[in-house]
Ligand SMILES: NC(=O)CC[C@H](N)C(=O)O
């Protein structure tokens, strides 16, 4: 190996010519900034106050052997997870509370995060399920008319790790080249780099059921009223509400708000709710929600979907779409680095129209694995992957992305109207 070294802007030294890779080379890393590591209060053991801008008190250790000194602005601790990057400019509160991020660290590619703080309206669930937030720069000021607290206070209160002041652009390029990487985020100085590296290499998100941890434990009615200021397209309510059962695999509140705006009366049920009981409730339609982790690791949920197919109109969103794909006989696969952001162009194959959509998934349905009769209705224009399905013979529709999200435009909201139409047609024909 080359003995010369190359100092990076991150303040550590890599032997030249060495590109750390997954499960491969053992990389010797010398961190120039190690001597300036301080406690999170910014003071050293000798009692001399440290300059806060030089106090790296956290590390992100990736399974490829790269180590990224950073500053902590949330809870202390050590967590292992899969690192993904999200290209949204903002919407960080929706991201933090999206249960589909369980088991993942989210790195925001937008270089500055936190300027609007957090508020009471933008929560997508009651909890933050993701493992940690990774950003380049934390906004030094917080200003928004809805703001109730700063992002840093929010993370600390929710015991969520957050780090900043690392080269998020370099890490994103690495993820794009190598694919998703597992990593460990730690503020514990007592743990060695090797220990953290070992942790990151001994864990895998593939094959784990993550939906049972985030799903509700018992059925409930969705009764929250949407603030009229945030409501739109409500003029299609036509008298009697449609009764919808929403399977909660990690459901986002805005899915429930949008269904409710379109005139649905919704009962949310846990991921393990038996199909027979759902059918006994005689719903007009069933929604299979988004959710975290590997869709092929939850065969029990696929079985439930199978039992409901053809008996009632169904609509799958993200994880729900992937479960439907499997229930119809197809297969899912893990993508290189997935789609996470608010700027994904999707073509509706039926209309030729392009929607700018919000997406968050690391897996996709392989269209070649689907049986005849199943139509690919939507395609992600960045990579041609399957973004929506329909199987008219069984009143099935699904989207791989998030029609409830508003990444600026509301291009995909019409999908909820289509579900209403599906239920209406099925009712008329029965
Ligand atoms: N948002 C979701 O439902 C994500 C689905 C699945 N966990 C994936 O990563 O592909």
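Numbers below:
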quantity	calculated
Inter-label distance for residue 267 and residue 232, nm, one decimal - labels placed 7 Å from Cα along Cα-to-Cβ	3.3
Efficiency of FRET between residue 120 and residue 368 - r from beta-carbon atoms, R0 41 angstrom, step 0.05	0.35
Distance in nm between pseudo-label sites at residue 300 and residue 203 (7 Å out along the Cβ direction from Cα)	2.3
Virtual spin-label span in nm between residue 146 and residue 173, 7 Å along Cα→Cβ	3.6
Within the range 227-375, percent of DSSP bridges classed antiparallel, to nearest 5	45
The chain: antiparallel DSSP beta bridges as a percent of all, rounded to 5	60
Cα gyration tensor shape of the range 211-429, rounded if a/c is under 1.5, else prolate or oblate by comparing a/b with b/c	rounded
CD proxy at 222 nm, helix term only [per DSSP H run n ≥ 4: -39500 (n - 2.57); per residue of the chain; nearest 500]	-5500 deg cm²/dmol
Values of log10 I(q)/I(0), in the order q = 0.07, 0.08, 0.09, 0.10 Å⁻¹, for the chain under a Debye, Cα-only, solvent-free model	-0.36, -0.47, -0.58, -0.71
Centre separation in Å (Cα based) which lies between the range 64-87 and the range 128-174	11
Length added when fully stretched, residue 225-residue 243, from 0.36 nm per residue minus Cα-Cα	4.8 nm
Contour excess over end-to-end distance, with Cα ends at residue 376 and residue 87 and 0.36 nm allotted per residue	101.5 nm
Least to most buried among 314, 396 (fewest other Cβ within 10 Å first)	396, 314
Protection-proxy order for peptides 215-224, 177-186, each taking the mean of Cβ atoms within 10 Å per residue, highest first	177-186, 215-224
Paramagnetic reach from residue 331 (point 7 Å along Cα→Cβ, amide N under 14 Å) across the range 367-381	367-371
Residue 280/residue 158 FRET efficiency (R0 45 Å; Cβ-Cβ; nearest 0.05)	0.75
Order of 106, 354, 312, 346 - criterion: other Cβ atoms within 10 Å of each residue's Cβ, fewest first	354, 312, 106, 346
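Each value in this text was obtained by applying a stated rule to the coordinates, not by laboratory testing. What you see is a predicted model, and the numbers here were worked out from it, not measured in a lab. Glycine also receives a Cβ, built like all others from the backbone with ideal geometry; neighbour counts cover every protein chain displayed.
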